[in-house]
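The values are calculated or read from the model by the stated rules, or taken from the named source; none is laboratory data. Here the structure is a predicted model, which means the values were calculated and not measured. Every residue, glycine among them, receives a Cβ derived from its backbone with ideal geometry; neighbour counts consider all protein chains shown. Quick note on the areas: whole protein, heavy atoms, side chains included, nothing else; ligands and nucleic acids left out. Shrake-Rupley method; radii C 1.70, N 1.55, O 1.52, S 1.80 Å.
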Amino acid sequence: MHSAGFDSVPHDLGTYFTVKHLPEDVPITVDGVVQTSADISGGTYHTVVNYLSRLRQWRAAARARAALEGQPTGRVSQNPSARPTHRFGLWLVPFPGVDGQNIAYSGRLLDRYGPDFTYRHWIGTRRFPAAAGIIGLVTTLLVGAQIKPLRSVLLKLKDSGAGPTEEVRAKSTFTVTFHGTGGDRHVVCRVSGGDPGYTETAKILGEAAMSLAFDDLPRTAGPVTPAAAMGDALIDRLVMAGVTFELVEERQSTSRT
């Protein structure tokens, strides 16, 4: 299980939690919107820069894996590319990372996600200047990471061992809000907690290990996602550890968004 920290447990299990509040055997669309007050650590920054420097290799590997595995028979699960937009009262910027791919993989592994599942992953902000700043930062990192001398400069901007202080971490929070539509239902669910980079990741890793060791889990094999491997059992453990999973809104929907 290669993504059992902040990437991608809150997003993967939050989507799973949302899907369970929607009708079965219908097309489902979920948009996950991440908001956080946390400061990024040096290690995470270096991971992002190095990840962006290898996008071609990642995409080639993803295409090769998709060709080998294929879609489940009679079902589709996808994480399509997206552009910045304004929805849900927020400016949304596509979240660069592996979360969307992992969640689409959960959709292929689990029949409960329905015959046609689509997930999009976003960073959300209420202010347009902040959204423009995120786009500018991601663009700068993306372009700079492709050129070795510039990549070296980018990596020197933040030491890999640097991180937020204990006081900053104590004040940091995250929320991931999921807008799900399936059939005639629209739901809004939310996963929230404290500092994602250290406090909550430590909880998540610990509770995932305990769940794998002691809980009665479905039989799985090979590389799997937290939702497919642990699902409800890990949600229950995280709730007891202080991470919140909640249904915020539920209503009828006349169209798919």
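On average, how much accessible surface per residue is there in the chain, in Å², for a 1.4 Å probe, leaving out ligands, DNA and RNA?
Numbers: 13320 Å² over 257 residues.
Averaged over the residues of the chain, the accessible area is 52 Å².
Quick one: dipole size for the chain, taken about the Cα centre, charges +1 on Lys/Arg Cβ and -1 on Asp/Glu Cβ, in debye to the nearest 20.
Values: 27 positive and 24 negative charges, 251 e Å.
Taking the Cα centre of the chain as origin, the dipole is about 1200 debye.
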Subject >> Three-way shape call for the stretch 1-71 based on the alpha-carbon gyration tensor, with the a/c threshold at 1.5 >> reply: oblate
**OP:** Please build a GNM for the chain, connecting alpha carbons under 10 Å apart, and tell me which residue among LEU205, LEU68, LEU110 fluctuates the most.
**Re:** LEU68
Subject >> Cut-off under 5 Å, modelled amide H: who pairs with GLY114 long-range >> reply: ASP25
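Could you please tell me the mean projected area of the C-alpha convex hull for the chain, averaged over all directions and given in square nanometres to one decimal? List each step's numbers first, then the result.
Details: hull surface 57.2 nm².
Directional mean of the projected Cα hull area for the chain stands at 14.3 nm².
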**OP:** Mind telling me which of HIS186, HIS21, HIS86 comes out most flexible in a GNM of the chain, alpha-carbon contacts under 10 Å?
**Re:** HIS86
Original post:
How large is ³J(HN,Hα), in whole Hz, for each residue of the stretch 222-231 in order, when computed from phi with the Karplus curve 6.51 cos²θ - 1.76 cosθ + 1.60 and θ = phi - 60°, using x for Gly and Pro?
Top reply: x, x, 10, 9, x, 5, 6, 7, 10, x
Subject >> the chain: angle of helix 55-69 to the longest principal axis, Cα-based, in degrees nearest 10 >> reply: 20
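After finding the eigenvalues of the alpha carbon gyration tensor for the stretch 190-246, what semi-axes result from the square roots of 5 times each, listed largest first in whole Å?
Values: eigenvalues 82, 27, 22 Å².
Gyration-tensor ellipsoid for the stretch 190-246: 20, 12, 10 Å.
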Original post:
Which angle between 0 and 90 degrees, to the nearest 10, do you get for helix 201-214 versus the longest principal axis of the chain when only C-alpha atoms count?
Top reply: 40
Subject >> Gap separating the Cα centres of the stretch 166-216 and the stretch 104-141, nearest whole Å >> reply: 16
**OP:** For the stretch 1-146, count the residues as N, evaluate 2.2 N^0.38 Å, and divide the Cα radius of gyration by that value, please.
**Re:** 1.09
Original post:
Taking the Cα atoms of the stretch 52-127 alone, what are Rg (to one decimal) and Dmax (as a whole number) in Å?
Top reply: 14.2, 43
Subject >> Residues with amide H under 5 Å from that of GLN78, placed H, sequence gap 5 or more >> reply: PHE117, THR118, TYR119
Subject >> Amide N proximity, the stretch 62-88 versus ILE135 label position 7 Å along Cα-to-Cβ, cut-off under 20 Å >> reply: 80-88
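Indicate the gyration tensor shape class of the stretch 115-176 (rounded, prolate or oblate), computed on the Cα atoms with a ≥ b ≥ c the square roots of the eigenvalues: a/c under 1.5 is rounded; otherwise a/b larger than b/c is prolate and the rest oblate.
Oblate is the answer for the stretch 115-176, as a/c is 1.5 or above yet b/c matches or exceeds a/b.
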**OP:** Pull up the cross-link candidates among the aspartates and glutamates for LYS158, meaning alpha carbon to alpha carbon under 16 Å and not fewer than 8 places away within one chain.
**Re:** ASP39
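For a Förster distance of 41 Å, can you work out the FRET efficiency between the beta-carbons of LEU150 and ASP236, rounded to the nearest 0.05? Mind dumping the intermediate values first?
Working: r = 46 Å, r/R0 = 1.13.
That gives a FRET efficiency of 0.35.
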Original post:
Once phi is turned into θ = phi - 60°, what whole-Hz ³J(HN,Hα) does the Karplus curve with 6.51, -1.76 and 1.60 give for every residue of the stretch 35-46, x standing for Gly and Pro?
Top reply: 9, 8, 9, 6, 9, 6, 7, x, x, 5, 4, 5
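Calculate what fraction, in whole %, of the accessible area of the stretch 115-257 sits on carbon and sulfur atoms when a 1.4 Å probe is rolled over the protein chains. Don't skip to the end; give the middle numbers.
Numbers: 4460 of 7730 Å².
It is 58 percent, rounded to a whole number.
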Original post:
Using the Cα atoms as the points, what is the convex hull volume per residue of the stretch 85-224 in Å³?
Top reply: 190
Original post:
Going by alpha carbons, how many degrees (0 to 90, nearest 10) lie between the helix axis of 9-19 and the longest principal axis of the chain?
Top reply: 30
**OP:** Among ALA241, THR165, ALA221, pick out the residue whose Cα is farthest towards the positive end of the charge dipole of the stretch 129-257, where Lys and Arg carry +1 and Asp and Glu carry -1 on C-beta, about the Cα centre.
**Re:** THR165
Original post:
So what are the ³J(HN,Hα) numbers for the stretch 240-251, from phi and the Karplus equation (6.51, -1.76, 1.60; θ = phi - 60°), rounded to whole Hz, Gly and Pro as x?
Top reply: 5, 8, x, 8, 9, 10, 8, 8, 8, 8, 8, 7
